[in-house]
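What follows is a short report on a single structure.
Rule-based calculations on the coordinates, nothing more; no lab input. Computed from a predicted model, the values in this text were never measured in an experiment. Don't worry about glycine lacking a Cβ; one is built from the backbone with ideal geometry, like all the others, and counts go over all protein chains shown.
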Amino acid sequence: MGYSYSVVPKGADPLSYRASKQQLRKVFLDCDVDDDKVLTKEEVKVAFDRFGALFPGFRAWKALRRVDKNRDGFISMDELDSLIEYAYQRGYINVN
């Protein structure tokens, strides 16, 4: 997994480059490699790596602590909207 960084052009509105919640949802669902409708910490880490997070492992750990309401160590589809909101608030612009 490599890091990729996106830069908003000087003078441009950063919000216009921000990933949409739909784009974030697609990446998270794409990272559910075993298609079990549950995201593991490793799958969340891969998603944050795809977003260009500097420390995707830390970001995944932080996200799990914040949105894993039942504390089972996974993100269920019931918790996915909270995960998407968490990622959206970080303002990622690199979604691939």
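Convex hull volume per residue, computed on the Cα atoms of the range 18-90, equals 75 Å³. As a proxy for reagent exposure, Phe55, Phe74, Phe48 were ordered by neighbouring Cβ count within 10 angstrom, fewest first; the result is Phe55, Phe74, Phe48.
In percent, rounded to a whole number, the relative contact order of the range 18-90 is 33, using alpha-carbon pairs under 8 Å and six or more apart.
Placing +1 on the Cβ of every Lys and Arg and -1 on the Cβ of every Asp and Glu, with no other charges, gives the range 18-90 a dipole of roughly 540 debye about its Cα centre. Close amide H contacts of Ala19 (hydrogens built in the peptide plane, cut-off under 5 Å, sequence separation of 5 or more or a different chain): Tyr92, Ile93.
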